[in-house]
Amino acid sequence: VTGMNCFFGSNRSRENRSTHTTNVASLNTFPTERAQMGLNQVETILTALPKDGNLLVWGLGHDSAFWDNATSGRVVFLEDDFPQKKDGTLWYDEIMGQYPHLESYKVHYTTKNNEETYRKLVGGGGSQKHLKLESFPDSLRGVFWDVVIVDAPLGCCNAGPGRYQSIYMTQQLVTHQMKDSVGRQTHVFVDDYERSVERDFSHHVFGKEPYEVLKRNAREGVTANEQAHFIFREKDCIVTGMNCFFGSNRSRENRSTHTTNVASLNTFPTERAQMGLNQVETILTALPKDGNLLVWGLGHDSAFWDNATSGRVVFLEDDFPQKKDGTLWYDEIMGQYPHLESYKVHYTTKNNEETYRKLVGGGGSQKHLKLESFPDSLRGVFWDVVIVDAPLGCCNAGPGRYQSIYMTQQLVTHQMKD
């Protein structure tokens, strides 16, 4: 009508676009003067989107016709039903007046973008079920979405609903479609990732670091921004985070469809973790793409390591309370990343001069260093990389790392025999 591929709103389906054989959209047709996304961000999305893939976009804009033309699969747009212009007309009506061929739906958000909401949803740890969008079209639930772009609703300036519900509903969709998927993956792009809601709530809900963060440089009339690229694969079933194989039930076998290391240096949480980037890079180089990784210790970088390989990743943490209120460090980290496969272990040594003289200088037996609480299920695994970063070993406090080092030696000895 005023654009190509017009299948007249909700009547358009993947089937009646099947004659398309190539992605029509290309970078040189992107409306840079009227849209805000950077070309590098657009290019990454086009690369992730199969030629016949399905695309779900939270938000309508001047680039919607471009995205509608980016695939022969189904393309759907979801837009806020709240008037955003002084004359009372909807942004939905303005964009659909220009591009009436788009398949789009109005949705009604119920959150508010303010400090109270942020504290409750990001820091409160309570239920998120009230974030379900009752107005979400049922016809979209049975579709496998290859790419989801979260670029709405309004989330700046302490105004609008914020993107809590669009992020939450994306998590729910990916959860459902990944349950029975074989060899498929979904790419989720969260725009304006430099903002606290988009960044912190994505971490909270997805439970993982993004694969990459794409930056857009400032230009006339457009500020700089960031866009997070998350990748979710077969069996990446979400509880409150992605990649959750429900603790000890996760194995190398049910992650075997991964083919590349997802973690990269630019996603390492340098502000919250203590390891240096040169150290991280060396470990990533040593770790095969499908290798098994055993980490002594849990920390703010655990989600990064969990995403570093398609093999099995296991964390072992001290069961002794390390906080004044008596809570375990284990419980604190697992509260943030419940999808990790992790186990508590009980250390029996003490980090003092007497223990040091006895174990390093004494030359006696070390058999008493065997960890009785070490999970038997981990003994038959070939560990390609082991990181010993626990338990507490500084300040003449904690157990010291005698037992984690000793048990690592025992594991390597055993697995190297054959």
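Around the Cα centre of region 41-140, unit charges on the Cβ atoms of Lys, Arg, Asp and Glu (plus for the first two, minus for the last two) sum to a dipole of about 400 debye. With a Förster radius of 35 Å applied to the C-beta separation of Thr47 and Asp331, the computed FRET efficiency comes to 0.30. Extending 7 Å from the Cα toward the beta-carbon at both Met416 and Glu372 defines two label points whose distance is 2.9 nm. Simple point charges give the picture: +1 on the Cβ of Lys and Arg, -1 on the Cβ of Asp and Glu, and for region 303-418 a dipole about the Cα centre of about 480 debye. So which of Lys208/Lys344; Lys106/Lys215; Lys350/Lys417; Lys112/Lys179; Lys179/Lys289; Lys367/Lys417 end up more than 26 Å apart by C-alpha? In this structure, Lys106/Lys215; Lys350/Lys417; Lys112/Lys179 exceed 26 Å between Cα atoms. Taking 0.36 nm per residue of separation and subtracting the current Cα-Cα distance, fully stretching the chain between Ala273 and Ala159 would add 37.8 nm. Annotation for Phe382 and Thr110: the two label points, set 7 Å from Cα along the Cα-Cβ direction, are 5.3 nm apart.
Each semi-axis of the equivalent ellipsoid for region 43-200 is √(5λ) with λ an eigenvalue of the Cα gyration tensor; in descending order they amount to 24, 21, 14 Å. The modelled label-to-label distance for the pair Val360/Cys395, using points 7 Å beyond Cα in the direction of Cβ, is 2.0 nm.
FYI, it's all coordinate maths here, none of it is from the lab. Here the structure is a predicted model, which means the values were calculated and not measured. Using ideal geometry, Cβ is built from the backbone for each residue, glycine included, and neighbour counts are taken over all protein chains shown.
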